[in-house]
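The values are calculated or read from the model by the stated rules, or taken from the named source; none is laboratory data. As the structure is a computational prediction, the values presented were derived from the model and not from experiment. Methodologically, a virtual Cβ is constructed for each residue, glycine included, from the backbone with ideal geometry; neighbour enumeration extends over all protein chains shown. Heads up: the accessible areas ignore ligands, DNA and RNA and are worked out on the full protein's heavy atoms, side chains in. Shrake-Rupley method; radii C 1.70, N 1.55, O 1.52, S 1.80 Å.
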Amino acid sequence: MSWLTDAFSGTFAQRALLEAVMVGVVSGVIGVHVLLRRLPFFTLAMGHATFPGVVLAALLGVNLLLGAGVFGILVVLAVALLGARERIDDTSAIGVVLAGAFALGVLLLSAQAGFSKDLSAYLVGSIVTVQPADLLITAITGVVVLGALAALHKELVLGAFDPDGLAALGYPAVALDVVLLLLIELVVVTSVPAVGTILSVALIAAPAATARLWTDRLGPTMALSGALGAASGVIGLVVSRNLNIAAGATIVLVAAALFAVSLVLAPRRGMLGWRLLAGASRGGEVARAHQGYGG
Amino acid sequence: MSRLLIEPFQVAFMQRALLAVLVIGVLAGAVGVFVVLRRLAFVGDALTHTVFPGVVIAFLLGQSIFLGALAAALLSALLLTGLTSTRRVTPDASLAILLTSFFAVGVVLVSRERSYTADLSGFLFGRILAVDWAVLLQTLVVAAIVLTTLVALRKELLLRAFDPDGAAAMGYRVDLLDLVLNVLIALVVVAAVKAVGTVLVIALVIVPPVTARLLVDRVAGMTAISCALGALGGYLGLAVSYELSLQRGVRLASGATIVVVLVACFLVALAAGPGRRALARVVGGRPAAGNPAGGRPAAGPPTTPSSEGAG
């Protein structure tokens, strides 16, 4: 194992870079599934909801990831139970759970000393102080998540587009949904301590949405999304070091900038590409039909 | 009981804090009804984050934080309405990106400051006990504007919520109505930013109306309960956090305590809801105008709730 830990030691800057690349790739790839199933709000809630788990684990002196993971599972259960109630739609269920869990975390933390410092580290992360052990955990998580996504690719995609078809073919549809949610949770839980709750959602949603603007096919979307996530991490770290500003937030802004540029420039789906197509088809019927088909 | 519920509010700063949370609670409860009916919890959450950079920029420039929040709120409501109506990207993806990038701008700007972490938590969670009369006045003005708009456009907004195609067919500008609602949500955040901060506002906007929805069917009753709950949660939360900090030496953030009280009310309603509806069925009335649950008076028709039986 020593060669593995050796690879992950090195200077602060090298470790931060490695962490940013690994988190970027894994978040980017799983982000495609998150967008396919319209789960960004759920992912955001999961990030916020790990907070009381982290605080509790710190109070009890157990592993932070364990606390975050347990609370993540509780959140999945709470949202599922509340959303099943006839009078509560899923979005409202997520909203209530997010707000409640986050307030609980703030409440627990406010009873401690050093309130504001811990809190901001949690919200925006501190990627520059990432430890070799953190890197190892991120690497293992990455391998597990990417491996599971590759092995279950066909089933997960079918479940996203045609859940009834998946069940009709005899696949355990509910179990597959749970597996995907757990994989998302794994990514969020391992990335939040290093990059913060806000950034973890940004790295999941932005690269995938950007990749989706450039290609319609799923495989290339995932590859591009992972590459964009890693690129956002590297560029963001370099910029933040040069300007001396918060690293996590800078990475988010790079990912968002890539999205904004693609929104304008991407062929067919971008604003400019859309205009050209609309102009070529006099009145834009084709463009509108294309949008309907794609969206 | 009176020691817990009345005594804390004999100090001037606690009276101002109480007035602020009551106004904000009613305001958020009223706007929240539309947020829940339209399933806009994610939009609401996004708007609470996008106001943040405005607050930071105003702080850095030495301008009024209120104005900064207002400018950011209007800009982000416009952007959000535009982005979510485009079909190039799914609305939830664009919401997530807008939310995180606006928030990141705020964090980047704060991170240049020396008092970074203290400032950050102040903006995010507010300082309710530091509310002065000027802040209170701003909150009251914003509340008056939002509530007036809600009353004036009530029918149109409801029609849009339940039957967007019908609203469009009747000649209403649906996109304009969406923009109005988004601006109203953003204004609630602006009104609340100094007192409870940007992050916990979402709880005030979502939890009371969802709770009310569990108890009644009619929109008017839902609005009344939602507003009352918002105010009640603010009152109880403030009293509890004051009592515990002063008497027991446990320091609890008042904003978070308010939210936890609201969530507790939600859980009570979750347990009481089915029983209450069964009761209404037995009594034979409409399931909407029913008996109160958990000792709460006046759950039914659109009268303003004059008192909350919480003593």
Scanning region B:79-99 for residues that are free of Cβ contacts under 8 Å to residues at least 40 places away in the same chain and among the charged types (D, E, K, R), the one surrounded by the most Cβ atoms within 10 Å (Cβ to Cβ) turns out to be B:R88
Can you name the number of the only condition in (1) closer than 20 Å to A:F259 by Cα; (2) free of Cβ contacts under 8 Å to residues at least 60 places away in the same chain; (3) small (G, A, S) that B:S76 fails?
(2)
From the set of residues in region A:39-58 that are away from chain B (no Cβ under 14 Å) and open to solvent by less than 10 Å² (accessible area, probe 1.4 Å), which is nearest to A:V189 (Cα to Cα)?
A:T50
Might you let me know whether region B:145-161 holds any residue that is assigned to a helix (DSSP H, G or I), within 14 Å of chain A (Cβ to nearest Cβ) and more than 23 Å from the chain's Cα centre (by Cα)?
no
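Yes/no matrix, rows are residues, columns are (1) at pLDDT below 85; (2) not basic (K, R):
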site: B:A12; (1), (2): yes, yes
site: B:A17; (1), (2): no, yes
site: B:A28; (1), (2): no, yes
site: B:G32; (1), (2): no, yes
site: B:P53; (1), (2): no, yes
site: B:A58; (1), (2): no, yes
site: B:R87; (1), (2): yes, no
site: B:A104; (1), (2): no, yes
site: B:Y116; (1), (2): yes, yes
Would you list the helices (runs of 4 or more DSSP H) that sit entirely within region B:1-65 and hold 3 or more residues that are within 23 Å of B:I202 (Cα to Cα) and small (G, A, S)?
B:12-37, B:41-50
If you check B:L204 against the conditions, is it under 29 Å from B:A77 (Cα atoms) and either in contact with a strand residue (DSSP E or B) (Cβ under 7 Å, 6 or more places away or on another chain) or assigned to a helix (DSSP H, G or I) (or both)?
yes
Examine region A:65-72 for a residue that is closer than 13 Å to A:L182 by Cα, hydrophobic (A, V, I, L, M, F, W, C) and without any contact (Cβ under 8 Å) to a residue 40 or more places away in the chain, and state whether such a residue exists.
yes
Looking across region A:94-110 at residues that are more than 17 Å from A:L123 (Cα to Cα) and within 8 Å of another protein chain (Cβ to nearest Cβ), the single one that is farthest from the chain's Cα centre (by Cα) is A:V96
Residues within region A:205-250 that are closer than 23 Å to B:G106 by Cα, facing chain B (nearest Cβ under 8 Å) and in contact (Cβ under 8 Å) with a residue 24 or more places away in the chain, tallied:
6
Applying the selection to region B:154-201, what residues are in contact with a Ser or Thr (Cβ under 8 Å, 6 or more places away or on another chain) and loosely packed, with under 15 Cβ neighbours inside 10 Å?
B:D175
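Conditions tested, residue by residue: (1) free of Cβ contacts under 8 Å to residues at least 12 places away in the same chain; (2) open to solvent by 10 Å² or more (accessible area, probe 1.4 Å); (3) touching a Cys at 6+ places or on another chain (Cβ under 7 Å).
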position: B:L18; (1), (2), (3): no, yes, no
position: B:V43; (1), (2), (3): no, yes, no
position: B:V51; (1), (2), (3): no, no, no
position: B:I57; (1), (2), (3): no, yes, no
position: B:L67; (1), (2), (3): yes, yes, no
